[in-house]
1. From the set of residues in region 128-177 that are open to solvent by less than 70 Å² (accessible area, probe 1.4 Å) and among the β-branched types (V, I, T), which is nearest to the chain's Cα centre (by Cα)?
2. Mind counting the residues in region 56-70 that are closer than 22 Å to T9 by Cβ and open to solvent by 90 Å² or more (accessible area, probe 1.4 Å)?
3. Exactly one condition in (1) open to solvent by less than 90 Å² (accessible area, probe 1.4 Å); (2) free of Cβ contacts under 8 Å to residues at least 60 places away in the same chain; (3) under 20 Å from D170 (Cβ atoms) is false for S108; which is it?
4. If you check V180, V185, which single one turns out to be in contact with an Asp or Glu (Cβ under 9 Å, 6 or more places away or on another chain), at pLDDT below 95 and surrounded by fewer than 11 Cβ atoms within 10 Å (Cβ to Cβ)?
5. Can you tell me which residues in region 61-111 are among the acidic types (D, E) and not in a loop (DSSP other than H, G, I, E, B)?
6. Which numbered condition trips up E115, out of (1) open to solvent by 90 Å² or more (accessible area, probe 1.4 Å); (2) modelled with pLDDT of 90 or more; (3) under 22 Å from the mean Cα position of the chain (by Cα); (4) charged (D, E, K, R)?
7. Report whether or not L166 is outside any helix (DSSP H, G or I), farther than 24 Å from Q182 by Cα and aliphatic (A, V, I, L, M).
8. If you go through region 4-25 one residue at a time, do you hit one that is loosely packed, with under 14 Cβ neighbours inside 10 Å, among the hydrophobic types (A, V, I, L, M, F, W, C) and assigned to a loop (DSSP other than H, G, I, E, B)?
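The values are calculated or read from the model by the stated rules, or taken from the named source; none is laboratory data. Just so it is clear, the structure is predicted and the values come from calculations on it, not from any experiment. Here the Cβ positions follow ideal geometry from the backbone for every residue, glycine too, while neighbour counts run over all protein chains shown. Ligands, DNA and RNA are stripped out before the accessible areas are found, and what is left, the full protein with its side chains, is counted by its heavy atoms. Shrake-Rupley method; radii C 1.70, N 1.55, O 1.52, S 1.80 Å.
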Amino acid sequence: VTDYCDFVTHPESREKVFRSFLKILREDYSHISRFEFINIKESSPTLLHIPAFASEYGFICSPVESEVTPVLELPSSYDAYISGMGRKGRHELRRKLRKVESLPNVRSEKITAREKILSAIDSFIELHQASSLEKKDFWDKEGMVNFFRDIVCEFADRGWVELNCLYAKDSLVAALLNFVYQNEV
């Protein structure tokens, strides 16, 4: 389960790493006719080096865009975000916030502590499973629930995860699991 896959390389050794990798593929995996490297970020050095060296090792490299991940650069503050919106957008946001705030017993909570995340993750997973058959199938894969429980605990210990929950009458009605690293979500 990953959004991005890639090689972790030091800039000074990238050429050697990629050439060595392609050589190993050619020598040790010659019986395989196709290799796919998926979910590589557009800015990755891999997209420069693999195509550049592939033909030297007898490979044909055909990069194909399969999915696009939206990236949104946010202003430094909520107020700056609001001021960047158009008049109609600000009006709609205020209207929706008033509507949510008028509901009885509605509260939000950002959970970052390991113990609290561990106790809330099952509710998050149940909510996610109930949202669609595709998401239920995702969670039904062997080991998926345990994988997420483990990674959430590990990341919580490092301050890299937050579970944002919206409750109505003490029932979880919406949740967002964020992985936060070096000030990026």
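1. Step by step, filter region 128-177, then rank; the result is V161.
2. Count: 2.
3. (1)
4. Details: V180 fails: surrounded by fewer than 11 Cβ atoms within 10 Å (Cβ to Cβ).
Being in contact with an Asp or Glu (Cβ under 9 Å, 6 or more places away or on another chain), at pLDDT below 95 and surrounded by fewer than 11 Cβ atoms within 10 Å (Cβ to Cβ) holds for just one of V180, V185, which is V185.
5. The initial filter retains those residues of region 61-111 that are among the acidic types (D, E), namely 65, 67, 73, 79, 92, 101, 109.
Answer for region 61-111, where residues must be among the acidic types (D, E) and not in a loop (DSSP other than H, G, I, E, B): D79, E92, E101, E109.
6. (3)
7. Working: outside any helix (DSSP H, G or I): yes; farther than 24 Å from Q182 by Cα: yes; aliphatic (A, V, I, L, M): yes.
Criteria met by L166.
8. Here is the first cut: in region 4-25, the ones loosely packed, with under 14 Cβ neighbours inside 10 Å are 4-5, 8, 10-13, 16, 20, 23-24.
Checking which are among the hydrophobic types (A, V, I, L, M, F, W, C) leaves us with 5, 8, 24.
Next cut, assigned to a loop (DSSP other than H, G, I, E, B) only: 5, 8.
Scanning region 4-25, I find at least one residue that is loosely packed, with under 14 Cβ neighbours inside 10 Å, among the hydrophobic types (A, V, I, L, M, F, W, C) and assigned to a loop (DSSP other than H, G, I, E, B), so the answer is yes.
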